[in-house]
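Inspection log for the structure reproduced underneath, given as structure tokens.
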Amino acid sequence: MRRGATWFNATSVAIGFAFLYLPILLLVIYSFNESKLVTVWGGFSFRWYGELLRDQAMLDAAWVTLRVAFLSATIATVLGTLGALALVRFGRFLGRTLFSGMIYAPLVMPDVITGLSLLLLFVSLDLDRGFWTLILAHVTLTMCFVAVVVQSRLVTFDRSLEEAALDLGATPAKTFFVITLPLIMPGVVAGWMLAFTLSLDDLVIASFTTGPGATTLPMKIFSQVKFGVTPEVNAISTILILVVATGVIVASLVTKRREVERQKAERLALQG
């Protein structure tokens, strides 16, 4: 049996990557287009970045989107981590099946159903739809993804380290913050980034749960499709791609650095 790279494998991988990333590359290239038509190249120019800086409505939508994504991802990470700890560490308890089902329901629930359910909830509670209802909706959407990522990290966690800390007199709270949390931090960071990206990308649920003054960027772009998309949309999309890519690279470097430091500390401990 032949192993290693073959022309078929290489071609399949190339086609797959082209299918995924070529549209994004074209979007970035056409953000520097002079022409008003998004599919006709009219020369290299920063014109649409200047137009974007003068479009206050688009900037406000982008700012709302970033704030909602940051806050909802942070809250979802805290709740999802606690939920994962409860499922992994507490064993079987009364209501475990219902609890796990409520956490994982948004994973399989269509966005339309989730958005409509949250809309009916907010209406029944007489809550004015806006910025905070949008955050609650995105926390509901993204918390389950964080729980899945963190739970996978906890399943492979070596609990002997916690037991050693407890034997040495550390309290359970101190053990969690000093031992457990730093070791599962890569999973927590990955969960936060996934929640942040899902919140940035959401359109359906936001359409149901938002209100005046809380228009997100996906909603703003979708509304412009009816009247024609300009390269200004390409420009702000390029900026968001740059922001997200920078965040991913920084998070990866920090996680790798912490992993190297942890391995170095373990080697020093074994040598001592």
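Here are a few things to note about the model shown:
- Among residues of segment 141-167 that are farther than 27 Å from PRO110 by Cα and touching a residue at least 60 places away in the same chain (Cβ under 8 Å), those with a Cβ under 6 angstrom from a residue that is in a helix (DSSP H, G or I) and open to solvent by less than 50 Å² (accessible area, probe 1.4 Å), sequence gap 6+ or separate chain, pair up as LEU154/ALA84; LEU154/VAL88.
- Answer residue from segment 113-163, given it is open to solvent by less than 50 Å² (accessible area, probe 1.4 Å) and small (Gly, Ala, Ser) and is modelled with the lowest pLDDT among those: GLY130
- Every pair of residues 6+ apart whose Cβ atoms lie under 7 Å, when the first sits in segment 197-211 and is in contact (Cβ under 8 Å) with a residue 12 or more places away in the chain and within 15 Å of LEU119 (Cα to Cα) while the second is open to solvent by less than 50 Å² (accessible area, probe 1.4 Å) and assigned to a loop (DSSP other than H, G, I, E, B): ALA206/THR216; THR210/GLY130; THR210/THR216; GLY211/GLY130
- Within segment 184-236, being within 24 Å of LEU53 (Cβ to Cβ), among the small types (Gly, Ala, Ser) and modelled with pLDDT under 85 holds for GLY213, ALA214, SER223, GLY228.
- When residues in segment 43-65 are screened for being free of Cβ contacts under 8 Å to residues at least 60 places away in the same chain, more than 14 Å from THR238 (Cβ to Cβ) and either surrounded by 13 or more Cβ atoms within 10 Å (Cβ to Cβ) or touching a Pro at 6+ places or on another chain (Cβ under 8 Å) (or both), 1 of them pass.
- Selection from segment 165-192 of residues that are aliphatic (A, V, I, L, M) and either open to solvent by 50 Å² or more (accessible area, probe 1.4 Å) or not in a helix (DSSP H, G or I) (or both): LEU166, LEU168, ALA170, ALA173, VAL178
- Hits in segment 85-143 (condition: small (Gly, Ala, Ser) and not in a helix (DSSP H, G or I)): GLY91, GLY95, GLY130
- Among the candidates LEU52, LEU22, LEU82, residue that is assigned to a helix (DSSP H, G or I) and under 30 Å from GLN151 (Cα atoms): LEU82
- The condition (being without any contact (Cβ under 8 Å) to a residue 40 or more places away in the chain, hydrophobic (A, V, I, L, M, F, W, C) and exposed (fewer than 10 other Cβ atoms within 10 Å of the Cβ)) is satisfied by just one residue among LEU25, LEU20: LEU20.
The values are calculated or read from the model by the stated rules, or taken from the named source; none is laboratory data. No experiment lies behind these values; they were computed from the predicted model shown. Here Cβ is always computed from backbone atoms with ideal geometry, including for glycine, and neighbour counts include all displayed protein chains. These accessible areas exclude ligands, DNA and RNA; they are computed on the full protein's heavy atoms, side chains included. Shrake-Rupley method; radii C 1.70, N 1.55, O 1.52, S 1.80 Å.
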